[in-house]
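Only one structure is covered here, and it is reproduced in the block below.
The values are calculated or read from the model by the stated rules, or taken from the named source; none is laboratory data. Because the structure is a prediction, the values reported are computed rather than measured. Neighbour counts run over all protein chains shown; Cβ positions are idealised from the backbone, glycine included. For accessibility, only protein heavy atoms count, side chains too; no ligands or nucleic acids. Shrake-Rupley method; radii C 1.70, N 1.55, O 1.52, S 1.80 Å.
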Amino acid sequence: MKTRNLILLLALAAGFAILLVDLLSNASEFADFKHAQETGREVHVIGRWVRREEAVFKPEESYYRFYMQDTMNQVAPVVYRRGTLGDLSQAEKIDVVGKWENGEFVASKIHLKCPSKYNDAASPGKSIPHE
Amino acid sequence: MTYGILGFRLTDLAFVTAIVGAIAFYQAAQSRTGARQWFRLGKVAFLTHFASVTAVIGLLWALIFMRQYQYQYVYSHSSNELSTEFIIACLWEGQEGSFLIWMFWHGLLGIILLYTAGNWRPGVLAVVCSVEAILASMVLGVVVEAETARWLLLLLGLLLAGGLLWPMLSASRQAIRPAPEGIDWARLSRLATGIVLLAVVLNLLLGMSGQWLATGWMRTLPGWAIAILLLGYAFLLYKSFHTRRLPLPQLVLGFALLGLAYVLSVVQLNDFKIGSSPFLTLAQARPEDQFLQANPDFAPVNGTGLNALLQNYWMVIHPPTLFLGFAATLIPFAFVIAGLWSGRYKEWIDPASPWAILAIAILGVGIMMGGYWAYETLNFGGYWNWDPVENASLVPWLLGVGGLHAMLSYRKSGKNLRMAMLLMAATFVLVLYSTFLTRSGILGESSVHSFTDLGLSGQLLLLLFIYLGGMGLLFAHHWHRMPAEDKPTTLFSREFFLFLAAVVLTFTAIEISLVTSMPVINKIFGTRLAAPSEVQYFYYRWNVWFGILIALLSAVGQFFYWTRIEKASLLRAMNKPFLIAALTTAVVMVLLFLGEWEFAYQEKYREAFRQVSGMGLWEQIKTTVGTSLLVFADDILLFCALFSVFANGSIIWRLVRRSGRNLRHTGGSLAHIGFGLMLLGILFSSGYEDTISVNLNPGKLGGSFGDDAARKNVVLPRNQPVDVKQYRLVYRGRRPAQPPFSDFRILTATREYTKVAFRDKDGYRFALEVPSLLFSEDPVFRQAGSLKQVPREEAYNMAKIAWYIRLQHHLLEPEMVNKRALYGVDFYPLRKDAGGSVAIDTTGTFRLYPEAEPNGDQSLIPHPDRAIFWQRDLYAHVTGFPTGMEKTEERWTMVAPEAGLALNDSLVVDGVRITATQVERIPVPEGIGDSELLTQLHLRVQRGDSTWLVHPQLMINRVTGGLVWVDAWIPALNYRLRFSGVDTEADKFKVMVAERIPTQDYVILNVISKPWINLLWLGTLVMTLGFVMAIWRRSGELKKRIT
């Protein structure tokens, strides 16, 4: 009886350990360009579009290259070749997932966080049409 | 304003009565004397509480229905265009409203308990009331001034500490006589308590008149006095260690409370807000808006409306169901807590059983409703995205199911009691945790759902910690008093299988919760982890094994229905279902192989094997073993799910055949069958999803799609058939998805005029006549031919009708309310003939209307449409259309220069003869000023044998000379004729002829097949039916026991 409980407990502990290891080895991380540059790993970088720098949008070739400023205020070029990109000018935050390759950040996924009409109409900045 | 004040007061009442109820019920449960009086008080408080919550909801609904847009909540969640059902749904669109509906459900369940729970009532209702109080605090919307809060908290702390201290001080006189030469700490403490209380009360009294004693010696008095009190406590503590005659826990608690009071008297506090009220006016909600501050009663004419994506009937039923599920988890929790503190460790199980099953059933239904909604309208082919919001409701469900099995184990064999209590309690705490996750904004970056942080995160965290901490303390306190389980568990026993089931379910919950909680982990440990980049694959790799284990356990475990089954008889009973399942699995696998169906992750496995050679030895072994296991995982899952279905089916069969057993006992088996069916549905619909819209010519799409996507999306030029896998697709055209005005109805129709009723943007109702012509001539949707008949309302080109009404009556704003469009695509099934040639099966044609809405310049928001067959769904969504389509649709070109026609003059354009036959003045529609002159020109248009009579109108403002035209439109010719002006000198009527430019219209479509997805929905229904049976049975047993 005792031994069976022990075995069960050990099995659970082992399962949990494997889960943690697997999760941590598969997890990506939020980082900045500097970190991406140093490690070369696939990371999430969150930032804003830098409008004054040159941007190339070629939807017909599925090629986008633009400059982004990360949370540490470093500006770096981001390249995206995996399909269409939403409207950058609408996005208040950009979440790019990708790797640093040859002096630019090659994104595999881009999420645009838009102040969409779908969420919050009550955000403080928005004014009400008076009349 | 008065409504708002009423609303505030009602929420205050709900809050206070919930607190009173909690205290009264607690006293009724604890105290020997006066229990009846306390209970009566609690009952009155609770009923008042429920009534005020109901009144708050009623009031808020009334405000929404009365379009009181001066209130922030009404303004930002509803609008004039909404139809009744969505106006109802507005209540729970916002966070405040969903707290209200949650409270309402708690209240309703509490009322049922009040009349059914027997001697459990005080304890259970005390817990319910405490939760209600905290939830009510979320909608209070009270701004507390720092000073008031400081003194109130101080008073509360002192009263509590003093209340604890006082009896001890009196006791200590006998217990510990001070040495004659020493200081009498007890007396000094009492003196200090008196002084502090006096100072605090004085301060509060003065504070009400606005004169805080913020400066001077009075300000420091409480601090000093508390310091003395603390010293007194320290002495008592010391003595209690010494003499072991004073109650240590109470001393520690009092000490802590005093410490807190001291901190409060010293620290700087800011004004803070408790809760967020739905009754704030715009001016109150937006202090930065100067216009509103100057006009506090300002009410906009329209609200911002309900999110268009949410305008779906599921929005009406899904949120209340989910919240009922959440609310129901409180009841078993309350039973556990009441059981713990009253020492009834075992007895809670019976009365809590039906409630636990009810909670799980409703929560499960709520979750699946969400999945179905996502599948039907919101998503790109998925019913489940492993999104944190979805997981947040799944995890409590899993724990609850685990707890249910542990409860069952205790009922049957007196085992796993602690586990049952822990899991049932954890279920509710996890509900609180998910509330915290989804409402505090902490998930911000990891979820597709958007969240509004109402500044409640602190309060939510407090709520979570109170119940987590309280639960932990109670369990710690009672752990060793719970009855021991001395009899050993045997391997082949019901309780061991139930135990395993609970363990596996708990582990699954932990796994899912861990990934979901990454933002929380980041906050606590300062890490920067993000979910695995291929999170779906991650979840699959883990959950497929859990699915296998659960299916297997649910098959084998259910055989223990006949209590202690021998190993041999167990195997005998399982024989048949096992063989049938194995056989079916084999047949299905062969069929899959023959049909060249490939499991979704097969390519991933191959990729992993390819990469093995380049790895180190350990990595090689790890990858090879791991991937090899995964290769078979889906087949094993298939077998286990089938086994579970057949095994449980055989049990039901036996039950039905056996006399004396009735259908109520089939609950467990039915739920297991349902779960097995769900697993099968998930396995097939997601694992064997198949792209129908195979693009044989991917180059045609240009580069705007990735390589992979280009092969899965087809371009469909208008009216040109394109053959894809199994179907010939023809895109027929697009039209607005919704009329630009709401509540559009046809009242009466004659040949000439049709009377329509609608509401305009400002919510005003109109009924007016428009030419019937407008309703009959949408070329796009008249070509349906032998296809599924398009309902009459759908066939109208609403944009055209709107355009007419706008011109004629100056009613509506010229813009369309929304830009959603329906894309009509016909599906003709293809059949290969014996000769290999492709033929169309005309009997099976159907039309789908996927919707899409442009979003910015380059992207779009799709809303899928699907064709449902018994063995699969065809699921279509728009992935692209020509940009700027909504602008180019009505493009016209002049076919001839403006011409002046006298009566009976003719104009010939491209073989079409246009003759002016008559001109007449017609009365101006009501509501248009006297200065307008409306004239109508009769034109006869002839081409070949065909003749059309049309009447373009011209309205001239005699004062300003401004012109308004109502053009005539001949769809067959694609012509638009305008009576553009009058040449008074030559006595000629000017006519313009324009032709519609055929636009390069196309749509890019993605069509996928989701095989056997109906098994998922069927499984959900069967599982729910199982739960219903179980509730029926348990509540029946309960009733029998009571009477």
Search the range B:631-645 for residues being touching a Phe, Trp or Tyr at 6+ places or on another chain (Cβ under 8 Å) and crowded, with 24+ Cβ neighbours inside 10 Å, and hand back the single one that is nearest to B:L663 (Cα to Cα). B:S644
If I filter the range B:593-614 for residues that are over 25 Å from B:G649 (Cα atoms), β-branched (V, I, T), surrounded by 12 or more Cβ atoms within 10 Å (Cβ to Cβ) and not assigned by TED's automatic domain parsing to the domain that holds B:A509, do I get at least one hit? yes
Conditions: (1) over 23 Å from B:F333 (Cα atoms); (2) in contact with a Lys or Arg (Cβ under 9 Å, 6 or more places away or on another chain); (3) not charged (D, E, K, R). B:L113 meets all but one. Number of the miss? (1)
Residue within the range A:65-73 that is hydroxyl-bearing (S, T, Y), open to solvent by 70 Å² or more (accessible area, probe 1.4 Å), more than 30 Å from B:S493 (Cα to Cα) and within 13 Å of chain B (Cβ to nearest Cβ) present: yes
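Restricting to strands (runs of 3 or more DSSP E) lying wholly in the range B:946-1031: which have 2 or more residues that are touching a residue at least 40 places away in the same chain (Cβ under 8 Å)? Walk me through how you get there before you give the answer.
Details: elements: B:946-950, B:953-957, B:963-966, B:968-970, B:975-983, B:988-996, B:1002-1011.
The qualifying strands (runs of 3 or more DSSP E) are B:963-966, B:975-983, B:988-996, B:1002-1011.
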Return yes or no: is A:V79 surrounded by 11 or more Cβ atoms within 10 Å (Cβ to Cβ) and more than 29 Å from B:Y537 (Cβ to Cβ)? no
Qualifying residue in the range A:99-111 (condition: modelled with pLDDT under 85, within 12 Å of chain B (Cβ to nearest Cβ) and part of a loop (DSSP other than H, G, I, E, B)): no
Any residue at all in the range B:394-404 that is out of contact with any Cys (no Cβ under 8 Å at 6 or more places or on another chain) and modelled with pLDDT under 90? no
Could you check, for the range A:6-26, whether at least one of its residues is touching a Lys or Arg at 6+ places or on another chain (Cβ under 6 Å) and not in a loop (DSSP other than H, G, I, E, B)? no
Can you tell which of B:P854, B:P882 is modelled with pLDDT under 80 and outside any strand (DSSP E or B)? B:P882
Filtered residue count, the range A:27-58, keeping only those that are among the acidic types (D, E), assigned to a loop (DSSP other than H, G, I, E, B) and more than 8 Å from chain B (Cβ to nearest Cβ): 3
Mind checking whether some residue in the range B:319-339 is assigned by TED's automatic domain parsing to the domain that holds B:Y375, surrounded by fewer than 19 Cβ atoms within 10 Å (Cβ to Cβ) and out of contact with any helix residue (DSSP H, G or I) (no Cβ under 6 Å at 6 or more places or on another chain)? no
Does A:L19 qualify as being open to solvent by less than 40 Å² (accessible area, probe 1.4 Å), within 10 Å of chain B (Cβ to nearest Cβ) and out of contact with any Cys (no Cβ under 8 Å at 6 or more places or on another chain)? yes
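Among the residues that make up the range B:156-179, is at least one of them part of a loop (DSSP other than H, G, I, E, B), under 50 Å from the mean Cα position of the chain (by Cα) and modelled with pLDDT under 65?
No, every residue in the range B:156-179 fails to be part of a loop (DSSP other than H, G, I, E, B), under 50 Å from the mean Cα position of the chain (by Cα) and modelled with pLDDT under 65.
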Got a number for residues in the range B:36-70 being in contact (Cβ under 8 Å) with a residue 40 or more places away in the chain and open to solvent by less than 30 Å² (accessible area, probe 1.4 Å)? 12
For the range B:48-67, does any single residue satisfy the condition of being more than 29 Å from the chain's Cα centre (by Cα), in the same structural domain as B:F279 (by TED's automatic domain parsing) and in a helix (DSSP H, G or I)? yes
Any residue at all in the range B:77-85 that's hydroxyl-bearing (S, T, Y) and either touching a Phe, Trp or Tyr at 6+ places or on another chain (Cβ under 7 Å) or modelled with pLDDT of 90 or more (or both)? no
Check B:E93, B:E85, B:E81 and return the single one that is in contact with a strand residue (DSSP E or B) (Cβ under 7 Å, 6 or more places away or on another chain), over 18 Å from B:L464 (Cα atoms) and either open to solvent by less than 10 Å² (accessible area, probe 1.4 Å) or not polar (S, T, N, Q) (or both). B:E81
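Can you report the number of residues in the range B:286-304 which are under 12 Å from B:C90 (Cα atoms) and facing chain A (nearest Cβ under 8 Å)?
Taking the range B:286-304 first, the residues under 12 Å from B:C90 (Cα atoms) are B:303-304.
From what is left, the residues that are facing chain A (nearest Cβ under 8 Å) are B:304.
Qualifying residue count for the region: 1.
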